[in-house]
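Take a look at the structure below.
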Amino acid sequence: MKKFPKLFFVIFILLLTILSACGQESTGESGSGSYGISVFYKNTEYTAATRDVENYIVDEVVGKINRKISLEKVPTQNGGSNFFEEGTKIYSIVDEEYKIYLEQKGESYVLTANE
């Protein structure tokens, strides 16, 4: 008869652990409900940022970020971003019509236009 209370206790602890884990939010950088890095420039949304920028030749400054919004939103106004700080410069890339280059805090990013 003593096995039943021990078994019940073990099952209860397992269920409690499972249920408590289900209620926790993600702690990752992009968190629950967040979008990826996004910039809205020349009426186009640029996303899919890569930091593998060695194969690109940065050309000239073509704009700047003038409005930073929450990572949980997608920018819809030119110069808006949900990642880059206000004042971050936007550069064109040689021979890449649908890509832009940005730098922030010593990190380089190339974003591609969504078509």
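The values are calculated or read from the model by the stated rules, or taken from the named source; none is laboratory data. Computed from a predicted model, the values in this text were never measured in an experiment. Counting neighbours? That spans all protein chains shown, and the Cβs are built from the backbone with ideal geometry, glycine included.
Figures for the structure shown
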item: From the options PHE40, PHE9, residue that is at pLDDT 65 or above, surrounded by fewer than 13 Cβ atoms within 10 Å (Cβ to Cβ) and either touching a helix residue (DSSP H, G or I) at 6+ places or on another chain (Cβ under 7 Å) or not aliphatic (A, V, I, L, M) (or both); result: PHE9
item: Selected residue (only one of GLU103, GLU85 is exposed (fewer than 13 other Cβ atoms within 10 Å of the Cβ) and without any contact (Cβ under 8 Å) to a residue 40 or more places away in the chain); result: GLU85
item: Enumeration of residues in the range 62-82 that are of a type in the set (S, T, N, Q) and surrounded by fewer than 19 Cβ atoms within 10 Å (Cβ to Cβ); result: ASN66, SER70, THR76, GLN77, ASN78
item: Residue among GLU60, GLU72 that is acidic (Asp, Glu) and closer than 20 Å to VAL94 by Cα; result: GLU60
item: Counted residues, the range 44-61 - those being outside any strand (DSSP E or B) and either β-branched (Val, Ile, Thr) or surrounded by fewer than 13 Cβ atoms within 10 Å (Cβ to Cβ) (or both); result: 6
